[in-house]
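Taking it in order: structure first as structure tokens, then the write-up.
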Amino acid sequence: MYWNEKVETMSHEELIYIQNERLKDMVHRLYYNVPFYRSKFQNLGLEPEDIKGIEDLSKLPFTTKQDLRDNYPYGIFASPLSEIVRIHASSGTTGKPTVVGYTKKDINTWSELSARAFVAADADRNSVIQIAYGYGLFTGGLGLHYGAEKLCASVIPISTGNTQRQIMLMKDLKTSLIACTPSYAIYLADSIKEQGISLEELNLKSGIFGAEPWPENMRKEIEKKLNITAHDIYGLSEVMGPGVAIECNYKCGMHIWEDHFIPEIVDPNTLEPLPYGTLGELVFTTITKEGMPLLRYRTRDLSILYNETCKCGRTHIRMERIKGRSDDMLIIRGVNIFPSQIENALLEIGEVEPHYQLIITRDGTLDNLEIKVEVTEHLFSDKISGLESLQKNIARKMESALQLSAKITLVEPNSIPRFEGKSKRVIDKRNI
Ligand code: ADP
Ligand code: ZN
């Protein structure tokens, strides 16, 4: 099932034709409307006419989050405020929020792409969609809301929080699709179980989860605990918001809607474009946005692009699940570590919950990593010896996964704080 079959399954040649035309228009518009881009072009000795199509993409300047901060709040907008109908701001995981603006056309595009995402996750006009992402400045709630309405599904705009009420409405209103962060999905599942509600009493069939990295094991866990199909959804406010890419039922990467975005993978150090199939930093050029179009925006997200056609029939390129953020990377005793590596190793062990916290301290010049891990209820009530051997087992697994020894502290079930939005798992107490 597709929302827009013609576009979603269009041939590569047609997609490239569209991209060429739209890119050329975009470059002209930015050169003449946004002084920030005009001066970037001039510094590179580049004229809009030099860009004849996507083969010239690598001639274009990059845009970074710092550029957006330097031009805070409206400096990069390409439309006057009289055309801007919505303003969002990124959640500021890595600093001061970044302001983004949308015209009416931008909101329409976003709704169309969110609708495509819902259909890829098996929703239709008969679906009851519970949106448990935050509504407000964060793009998650409202972004998906408009797509679900466009689909004519029945939308429950519940936003985050109040897990009791989430579960009550999920049951009473027969929610068929839930959208939230993957960590909240696990929390919801556990709460449903605790309340003694069986999955048969619910009508849940699928879910779309994103806004933070989650490994394959976590998908399996969500699918099992909620008896649904779990789809990964990707997006970022600078580029649009959720719905830039979505997984189809084959779950072999997320389709990026290439009629609106041109993705690239570059080496985060040299900024050289890398071939398909290689891990690197994801970069997006928006080709239809009016409010705040961006050229070669560096996401800091690490991923891989695959261009082989997917079994689902969609021709749009696929991106691998996010492997981490290049600025999320922790350097502990000189070793590069992504929290997702730790999460993966924990999920492989099985007797622990995927709830953990990393505490990094510095003793003189030596970094210490402590990993607090929640054990399952069943194991916690077990003999001390069971816990001791589990702790040793985790320490061994971590050492081989991270090439670094860490102190493992097992903690009681439910003692690590849960987050309704993005989870904050790292507490870095070093002053660096
Ligand atoms: P920020 O977190 O940078 O303040 P946003 O709220 O727009 O800004 O969040 C966008 C970021 O969230 C992405 O750049 C990415 O790091 C993360 N993200 C979004 N969706 C996913 C996903 N499906 N998997 C992993 N990470 C994701
Ligand atoms: Zn597919």
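The values are calculated or read from the model by the stated rules, or taken from the named source; none is laboratory data. Since the structure is predicted, the reported quantities are computational estimates derived from the model, not experimental observations. Cβ sites come from the backbone with ideal geometry, for glycine too, and all protein chains shown count toward neighbours.
From the residues in segment 224-243 that are within 16 Å of ligand 2 (Cβ to nearest atom) and in contact (Cβ under 8 Å) with a residue 60 or more places away in the chain, which one is surrounded by the fewest Cβ atoms within 10 Å (Cβ to Cβ)? Filtering segment 224-243 for residues that are within 16 Å of ligand 2 (Cβ to nearest atom) and in contact (Cβ under 8 Å) with a residue 60 or more places away in the chain, the one surrounded by the fewest Cβ atoms within 10 Å (Cβ to Cβ) comes out as 229. Note on segment 21-51: residues that are within 20 Å of residue 263 (Cβ to Cβ) and surrounded by fewer than 17 Cβ atoms within 10 Å (Cβ to Cβ) total 2. Of everything in segment 86-145 that is surrounded by fewer than 22 Cβ atoms within 10 Å (Cβ to Cβ) and of a type in the set (Lys, Arg), the residue that is farthest from ligand 1 (Cβ to nearest atom) is 125.
The numbered conditions (1) away from ligand 2 (no atom under 16 Å from the Cβ); (2) of a type in the set (Lys, Arg); (3) within 16 Å of the chain's Cα centre (by Cα) are all true for residue 220 except (3).
Look at residue 309 and say whether it is of a type in the set (Ser, Thr, Tyr), assigned by TED's automatic domain parsing to the domain that holds residue 284 and surrounded by fewer than 17 Cβ atoms within 10 Å (Cβ to Cβ). Quick ask: steps written out before the conclusion?
Numbers: of a type in the set (Ser, Thr, Tyr): yes; assigned by TED's automatic domain parsing to the domain that holds residue 284: yes; surrounded by fewer than 17 Cβ atoms within 10 Å (Cβ to Cβ): yes.
Considered against the rule, which asks whether it is of a type in the set (Ser, Thr, Tyr), assigned by TED's automatic domain parsing to the domain that holds residue 284 and surrounded by fewer than 17 Cβ atoms within 10 Å (Cβ to Cβ), residue 309 comes out as yes.
Of these, 298, 321, which one is surrounded by 18 or more Cβ atoms within 10 Å (Cβ to Cβ), basic (Lys, Arg), under 29 Å from residue 81 (Cα atoms) and within 13 Å of ligand 1 (Cβ to nearest atom)? It would help to see each step written out before you state the result.
Working: 321 fails: under 29 Å from residue 81 (Cα atoms).
Step by step, each of 298, 321 is checked, and only 298 is surrounded by 18 or more Cβ atoms within 10 Å (Cβ to Cβ), basic (Lys, Arg), under 29 Å from residue 81 (Cα atoms) and within 13 Å of ligand 1 (Cβ to nearest atom).
Looking at segment 379-395, can you tell me whether even one residue there is more than 30 Å from residue 235 (Cβ to Cβ) and within 29 Å of the chain's Cα centre (by Cα)? Yes. Taking the numbered list (1) closer than 20 Å to residue 339 by Cβ; (2) surrounded by 15 or more Cβ atoms within 10 Å (Cβ to Cβ) in turn, residue 390 passes all entries but (1).
Inspection of segment 368-375 finds no residue satisfying the criterion of being loosely packed, with under 14 Cβ neighbours inside 10 Å and touching a residue at least 24 places away in the same chain (Cβ under 8 Å).
Only one of 238, 264, 258 is more than 11 Å from ligand 1 (Cβ to nearest atom), closer than 30 Å to residue 84 by Cβ and assigned to a loop (DSSP other than H, G, I, E, B). Can you tell me which?
Numbers: 238 fails: more than 11 Å from ligand 1 (Cβ to nearest atom); 264 fails: assigned to a loop (DSSP other than H, G, I, E, B).
From the options 238, 264, 258, the qualifying one is 258.
Restricting the search to segment 312-362, which residues are within 16 Å of ligand 2 (Cβ to nearest atom) and not in a strand (DSSP E or B)?
If the condition is that a residue be within 16 Å of ligand 2 (Cβ to nearest atom) and not in a strand (DSSP E or B), then 312, 313, 314, 315, 316, 317, 320, 321 are the ones that fit.
For every residue, the table says whether it meets (1) among the β-branched types (Val, Ile, Thr); (2) at pLDDT below 95; (3) within 20 Å of residue 108 (Cα to Cα).
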{"residue": "137", "(1), (2), (3)": "no, yes, yes"}
{"residue": "144", "(1), (2), (3)": "no, no, yes"}
{"residue": "149", "(1), (2), (3)": "no, no, yes"}
{"residue": "155", "(1), (2), (3)": "yes, no, yes"}
{"residue": "158", "(1), (2), (3)": "yes, no, no"}
{"residue": "161", "(1), (2), (3)": "no, yes, no"}
{"residue": "167", "(1), (2), (3)": "yes, no, no"}
{"residue": "171", "(1), (2), (3)": "no, no, no"}
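Flag: residue 309 matches the condition of being of a type in the set (S, T, N, Q) and without any contact (Cβ under 8 Å) to a residue 12 or more places away in the chain.
Quick one: which strands (runs of 3 or more DSSP E) lie wholly within segment 101-198 and hold at least 2 residues that are free of Cβ contacts under 8 Å to residues at least 60 places away in the same chain, over 24 Å from residue 321 (Cβ atoms) and not charged (D, E, K, R)?
154-156
Condition check ((1) of a type in the set (Phe, Trp, Tyr); (2) over 24 Å from residue 265 (Cα atoms); (3) modelled with pLDDT under 95; (4) in the same structural domain as residue 229 (by TED's automatic domain parsing)) across all residues:
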residue	(1), (2), (3), (4)
50	no, no, no, yes
54	no, no, no, yes
75	no, yes, no, yes
84	no, yes, no, yes
90	no, no, yes, yes
96	no, yes, yes, yes
102	yes, yes, no, yes
115	no, yes, no, yes
118	yes, yes, no, yes
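Residues in segment 330-346 that are within 16 Å of ligand 1 (Cβ to nearest atom) and more than 16 Å from the chain's Cα centre (by Cα): 330, 341, 342, 343, 344.
Residues that are among the hydroxyl-bearing types (Ser, Thr, Tyr) and buried (at least 19 other Cβ atoms within 10 Å of the Cβ) within segment 146-162 comprise 146, 159, 160, listed in sequence order.
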